[in-house]
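Below you'll find the structure, written out as structure tokens, and then a few comments.
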Amino acid sequence: MSNSVEEKQAQTPPKPNSDHEDEEDEDEDEDEEQELPSNPLSREAQLRAHKSKIDYLFRRMQTETVHLRVHDVLIKGNAKTKEWLIEAELEDVKSATTLQGLLEAAGIANARLQQLDIFDSVRITLDLGPPELPGTASVIVEVVETSSPITGECGVYMNTAARSAIFDGSLKYKNCFGYGDVWDGSVGYAPNQTSEVSAGVFLPRFKGLLTPVLLRASLLSQDWQEFSSYKEGLLGLSLCLFSTRHHDLVYNLGWRTLMDPSIMSSRSVRRQLGHGLLSSLKYTFKIDRRNSPARPIKGYAFVSTTQVGGLSPDHRSLRFLRQELDLRYAVPFGFYHAALNFGISGGVIFPWGCGFLNKPSPLPERFFLGIDFSPICTLGGPTTIWGFKTRGLRPAEPLRQIREKSNDENSGFPGRDFLGGDLAVTAFADLSFDLPIKLLRERGVYGHIFAGAGNLAKLTENEFRNFSFRQFLESFRSSVGVGIVVPTKLFRLEGNFYYMLKQDDHDRGKTGFRFNFSSPS
């Protein structure tokens with residue numbers, strides 16, 4: 001037993017001195033306490049080093065070209081959207097050869113993806129490529145698809161075809177099949193004048209085309225009996241063939257019907273009653289460098305529209321050439337947000353084909369002046385002269401008189417058919433300024449003083465032989481006025497006082513105070 005106890009004691013290592021051990025622990029604690037303050041300094045040093053690298057990179061980007069290539073592009077978050085649709089907007093990113101070019105291409109791609117209107121957010125991150133491939137970058141695109149694909153809106157808008165304001169409501173369904181497609185249906189109504197039902201689809205990419213495709217079908221009914229003697233119906237289809245920032249090319253196909261429910265139309269209108277086939281190609285070139293389309297303070301805008309009708313062998317096809325020009329310019333004054341806007345618009349239409357000199361131009365395609373809209377909000381051609389009602393300018397012809405009908409029955413018509421013109425020219429000047437009342441300024445309400453002039457002339461059926469440029473200028477209608485503009489999200493409200501300087505007999509202009517509505521932008 002003694003031997004075994006001794007062996008156990010021999011195998012058991014001797015315990016260190018407890019006092020010595022305590023001293024070592026205290027030394028280690030002191031060393032740790034002395035090393036703790038050095039950690040924050042090391043982090044700050046790392047941050048300073050990282051910042052210096054970033055500063056060096058920016059200085060290098062400003063002084064020299066940093067060459068690299070994109071190694072790969074990773075797309076995340078597209079549960080429904082087709083990946084090739086996103087990749088199509090990233091072509092410039094993939095082909096970038098410099099860091100500067102990559103940053104610019106990434107910004108443009110982000111804006112394009114946002115413009116598809118199918119994502120709530122888009123984030124593009126640039127990262128270093130694999131370590132074994134120096135001089136490369138990886139691009140990570142993170143998208144969040146819209147949480148509410150169905151949207152609706154309503155308001156008061158200007159209908160260019162109807163040349164009037166309509167109450168419009170629309171419903172959109174976004175990204176239905178994952179192709180970035182936007183389906184929409186809309187209904188428009190103007191009291192006692194216009195009703196329109198339409199449906200369309202927008203495809204940002206189709207069969208490898210570089211521009212979006214827009215297809216739209218519509219049913220339009222317009223009652224012009226308040227201003228003339230006929231009604232117009234149009235069942236149409238429009239296809240946008242080419243669309244960029246400054247260029248648009250649209251093909252229109254429609255079946256048009258002109259009717260005379262009153263049986264009182266003038267001779268010129270009766271000659272065009274019935275059915276007609278509209279098959280036309282319309283090209284629009286547009287530049288708008290104004291700071292705002294609703295209240296421009298500075299900049300300029302120019303629009304040119306060329307339309308060729310009659311692209312069909314059918315004898316009922318409406319054959320015509322139509323050209324419109326519109327130029328606007330805004331000059332700031334530098335106080336009270338005052339600015340002078342002035343513009344000039346012109347348009348001409350002429351038939352073509354066998355015997356075109358003796359033929360009239362299609363009635364619905366002519367120019368009609370006189371609409372209660374500010375010309376600032378109607379960029380695109382001659383339509384507006386302040387103070388004149390819709391279709392309120394000659395040329396005009398007397399309505400046919402029916403002896404069987406009493407004068408009371410005929411009193412609902414204006415007595416004349418306003419026929420529009422083959423040549424139209426308008427000009428305006430508008431001085432806008434903030435009001436001195438702070439409450440109104442904060443809500444965007446402002447005042448303006450304006451003047452406008454314009455005229456129409458007939459050129460077809462050999463009337464161009466009798467055209468006199470001097471007489472055309474001397475017969476210009478003109479008006480001046482002052483008013484207040486109240487912009488809202490749904491519409492633009494104007495309260496104006498008009499004073500007619502010059503108008504012809506049978507023109508529908510009137511001195512006085514009137515309210516009018518137009519599109520908010």
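Within the range 251-276, being touching a Ser or Thr at 6+ places or on another chain (Cβ under 6 Å), surrounded by 17 or more Cβ atoms within 10 Å (Cβ to Cβ) and assigned to a strand (DSSP E or B) holds for one residue alone: 252. Residues that are more than 20 Å from residue 342 (Cα to Cα), open to solvent by 30 Å² or more (accessible area, probe 1.4 Å), out of contact with any Pro (no Cβ under 9 Å at 6 or more places or on another chain) and aromatic (Phe, Trp, Tyr) do occur in the range 451-464, at least one of them. Got at least one residue in the range 492-500 being in contact with a strand residue (DSSP E or B) (Cβ under 9 Å, 6 or more places away or on another chain), assigned by the TED database to the domain that holds residue 321, at pLDDT below 90 and over 22 Å from residue 326 (Cβ atoms)? Yes, there is a match, as at least one residue in the range 492-500 is in contact with a strand residue (DSSP E or B) (Cβ under 9 Å, 6 or more places away or on another chain), assigned by the TED database to the domain that holds residue 321, at pLDDT below 90 and over 22 Å from residue 326 (Cβ atoms).
Within the range 342-361, which residues are within 13 Å of residue 307 (Cα to Cα) and either open to solvent by less than 10 Å² (accessible area, probe 1.4 Å) or touching a Ser or Thr at 6+ places or on another chain (Cβ under 6 Å) (or both)?
347, 349, 351, listed by residue number.
Condition check: under 27 Å from residue 155 (Cα atoms) and surrounded by fewer than 14 Cβ atoms within 10 Å (Cβ to Cβ). Does residue 489 satisfy that?
When the stated conditions are applied, residue 489 passes them.
Residues are listed down the side, and each one gets a yes or a no for (1) within 17 Å of the chain's Cα centre (by Cα); (2) of a type in the set (Phe, Trp, Tyr); (3) assigned to a strand (DSSP E or B); (4) closer than 30 Å to residue 381 by Cβ:
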{"position": "114", "(1), (2), (3), (4)": "yes, no, no, no"}
{"position": "125", "(1), (2), (3), (4)": "no, no, yes, no"}
{"position": "133", "(1), (2), (3), (4)": "no, no, no, no"}
{"position": "137", "(1), (2), (3), (4)": "no, no, yes, no"}
{"position": "155", "(1), (2), (3), (4)": "yes, no, yes, yes"}
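Scanning the range 99-117 for residues that are open to solvent by 30 Å² or more (accessible area, probe 1.4 Å) and out of contact with any helix residue (DSSP H, G or I) (no Cβ under 7 Å at 6 or more places or on another chain) turns up 103, 104, 107, 110, 111, 112, 114, 115, 117.
Limited to the range 234-245, what total is found for residues that are more than 30 Å from residue 262 (Cα to Cα) and open to solvent by less than 50 Å² (accessible area, probe 1.4 Å)? Residues that pass the stated criteria total 3.
When the range 204-233 is filtered for residues that are open to solvent by 60 Å² or more (accessible area, probe 1.4 Å) and part of a loop (DSSP other than H, G, I, E, B), the ones remaining, listed by number, are 206, 207, 208, 209, 210, 226.
Filtering 161, 199, 190, 165 for residues that are within 24 Å of the chain's Cα centre (by Cα), modelled with pLDDT of 95 or more and of a type in the set (A, V, I, L, M, F, W, C) leaves a single hit, 199. Across the range 77-98, the qualifying residues are those that are more than 16 Å from residue 179 (Cα to Cα) and open to solvent by less than 30 Å² (accessible area, probe 1.4 Å), and the one among them that is farthest from the chain's Cα centre (by Cα) is 98. Does residue 494 satisfy being under 26 Å from the mean Cα position of the chain (by Cα) and not in a helix (DSSP H, G or I)? So residue 494 fits the description; yes. Annotation note: Cβ proximity below 6 Å between a residue of the range 314-333 that is farther than 21 Å from residue 427 by Cβ and touching a residue at least 60 places away in the same chain (Cβ under 8 Å) and a residue that is open to solvent by less than 20 Å² (accessible area, probe 1.4 Å) and not charged (D, E, K, R) (sequence gap 6+ or interchain) occurs for 318/276; 318/278; 318/309; 318/362. All conditions but one from (1) closer than 29 Å to residue 292 by Cα; (2) open to solvent by less than 50 Å² (accessible area, probe 1.4 Å) apply to residue 431; the one that does not is (2).
For the range 497-509, residues that are farther than 18 Å from residue 430 by Cα and part of a strand (DSSP E or B) total 2.
The values are calculated or read from the model by the stated rules, or taken from the named source; none is laboratory data. In this text, all values refer to a predicted model and were calculated from it rather than measured experimentally. Ideal geometry is used to build each Cβ from the backbone, glycine not excepted, and the neighbour counts take in all protein chains shown. Surface areas here come from the heavy atoms of the whole protein model, side chains and all, with no ligands, DNA or RNA. Shrake-Rupley method; radii C 1.70, N 1.55, O 1.52, S 1.80 Å.
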